Amino acid sequence: MALNKQPYRGTRDFFPKEKRVRDYLFAIMTKTAESFGYESYDGPLLEEVELYKAKSGEELINEQIYSFTDRGERFVAIRPEMTPTLARMVAQVHRESSKPLRWFSIPNLMRYEKPQRGRVREHWQFNCDIFGSPGRIGEVEILQVAVELFQAYGANHTHFEILLNDRAIVDAVFKIMMKASDEQTHRLYKIVDKAKKITNEALQKMVKEIGLNTDSENIFYSYLHLSTFVDAIAFLEKNNQIDIANQFNAFIELTSKANLTDYLKYDPTIVRGLDYYTGIVFEIFDKHPDNRRALCGGGAYANLLQIFNEDPLPGVGLGLGDVTLKDFLEVHNLLPNLENPSNDILLTFQEDAGLDATLKLAQVLRKNDLKVIVGLEVLKFKKVFPIAEKKGVKFITLMGNEEISSNKIQLKNLLTKEQHEVSLDDLETFIKFIKA
Ligand code: HAM
């Protein structure tokens with residue numbers, strides 16, 4: 001039986017056209033992260049499952065992880081997220097490193113999910129994290145990285161919004177105001193995480209099952225109705241959570257100094273499925289009605305290093321997936337045309353005798369940082385242009401007997417249709433024309 005030519009379900013082959021798009025997305029991620037002083041890192045594809053069991057949460061472990069026992073009886077998983085690997089790496093070096101550590105990476109991750117729009121089994125995720133940052137400014141900086149990244153793709157606040165919450169608020173509401181036990185709090189988190197995806201009746205039923213008293217239930221529903229930062233802060237103050245209110249207020253004031261106000265919206269249902277978050281939590285949502293989904297998620301985590309018996313070192317970071325980002329850019333028409341590659345020049349020869357001079361010319365041009373394609377056989381005039389178009393070249397040359405004997409060549413600019421005669425003894429001028 002013939003083998004299947006298609007990739008494994010939920011994974012993608014990146015043909016040159018798709019790979020060009022991915023390279024474009026990654027180049028802007030790298031440029032933005034580096035513009036904030038973030039350094040690139042990477043880790044292994046496999047980790048021991050224990051690493052994820054410690055803090056990643058039930059859904060990831062029970063439903064999504066690709067795990068197996070290796071030949072040495074170790075229970076390992078293909079990384080479903082990068083944050084635990086990052087924490088493991090930071091735990092090795094943080095004592096000797098000056099802080100904050102600003103690191104970024106674009107790993108491929110695998111999660112066993114039902115493939116659908118925006119969800120696949122292998123995706124690449126831009127991760128940007130700070131460890132050991134002073135106070136709340138690190139949290140604000142991560143939001144700035146996200147906004148400036150989207151701006152670098154040509155997007156603004158009409159295209160996306162950052163829905164934000166703080167787990168310190170959620171904990172205060174559940175544990176102090178509602179007096180929920182740890183077990184009840186855990187269940188409330190799961191309900192809130194699902195709140196937007198289920199009906200009101202289903203929500204009420206789930207809340208009833210927790211067994212809270214009526215006052216606590218009322219507080220819970222009031223909390224779920226909060227929709228602005230001002231309301232959230234007033235709600236905390238009214239319920240005597242002054243410290244939490246002040247801290248959150250200070251954070252919101254900082255975001256306004258960083259010009260983030262237009263992008264941010266308070267959302268009480270944002271709590272994030274991963275267990276390690278302790279401070280702000282956020283998800284970036286597409287505003288386009290055809291693509292209302294999370295493009296990016298992140299938050300602050302204070303205790304991740306403790307799983308390695310290290311002292312706490314607060315961190316904050318984000319993860320942005322390539323699939324959702326591409327869908328976002330497409331739906332808003334923000335993706336540049338990458339249908340064809342981009343090259344500087346196509347050198348062709350019309351007679352076999354032209355090969356020598358063509359190869360020599362190509363060598364010199366490449367040494368001058370130009371992208372040069374050589375026609376690998378005698379190419380008649382008519383065939384040159386369609387090839388040039390497909391390869392996205394800006395200039396062509398044709399090397400025939402006349403050019404060889406005169407040592408002069410016509411350099412054609414395909415965009416302006418201009419033609420320049422240049423001597424092969426004066427390659428400086430030749431290169432200048434192309435670079436101009
Ligand atoms: P996450 O919310 O699980 O966070 O994933 C972040 C983003 O990765 C999502 O918003 C989505 O764009 C993309 N993503 C996740 N799963 C899939 C999938 N199956 N198919 C396509 N895209 C997907 C984290 O992973 C955290 N570790 C992020 C983080 C970094 N927090 C702090 N630092």
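Structure values in brief
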read-out	value
Filter pass, residue 284 being assigned to a strand (DSSP E or B) and at pLDDT 90 or above	yes
Matching residues in region 68-122 - criterion: being within 12 Å of the ligand (Cβ to nearest atom), more than 16 Å from residue 297 (Cα to Cα), in contact with a Leu (Cβ under 7 Å, 6 or more places away or on another chain) and part of a loop (DSSP other than H, G, I, E, B)	79
Within region 351-372, tally of residues that are polar (S, T, N, Q) and more than 19 Å from residue 401 (Cβ to Cβ)	2
Pair list, Cβ under 8 Å, 6 or more apart: region 304-326 residue more than 13 Å from residue 283 (Cα to Cα), other residue near the ligand (Cβ under 7 Å from one of its atoms) and of a type in the set (Lys, Arg)	323/119
Identity of the residue in region 259-274, in a loop (DSSP other than H, G, I, E, B), more than 11 Å from the ligand (Cβ to nearest atom) and under 21 Å from the mean Cα position of the chain (by Cα), that ends up modelled with the lowest pLDDT	271
Residue in region 40-47 that is in the same structural domain as residue 88 (by TED's automatic domain parsing) and part of a helix (DSSP H, G or I) present	no
Criterion: assigned to a loop (DSSP other than H, G, I, E, B) and over 24 Å from residue 329 (Cβ atoms) - qualifying residue of 180, 155, 195, 202	180
Qualifying strands (runs of 3 or more DSSP E) (wholly inside region 290-407; at least 1 residues being away from the ligand (no atom under 16 Å from the Cβ))	343-349, 372-374, 393-399
Region 222-244, residues that are in a helix (DSSP H, G or I) and in contact (Cβ under 8 Å) with a residue 12 or more places away in the chain	222, 223, 224, 229, 231, 232, 233, 235, 236, 244
Selected residue (criterion: farthest from residue 182 (Cα to Cα)) from residues of region 257-292 that are in the same structural domain as residue 234 (by TED's automatic domain parsing) and of a type in the set (S, T, N, Q)	259
Exclusive hit being among the β-branched types (Val, Ile, Thr) and touching a Cys at 6+ places or on another chain (Cβ under 8 Å), set 170, 192, 145, 207	145
Qualifying positions in region 233-282 - farther than 29 Å from residue 306 by Cβ and in contact with a strand residue (DSSP E or B) (Cβ under 8 Å, 6 or more places away or on another chain)	260, 263, 264, 265, 266
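The values are calculated or read from the model by the stated rules, or taken from the named source; none is laboratory data. Everything numeric in this text was worked out from a predicted model, so none of it was measured. When we count neighbours, we look across all protein chains shown, and the Cβ atoms used for this are built from the backbone with ideal geometry, even at glycine.
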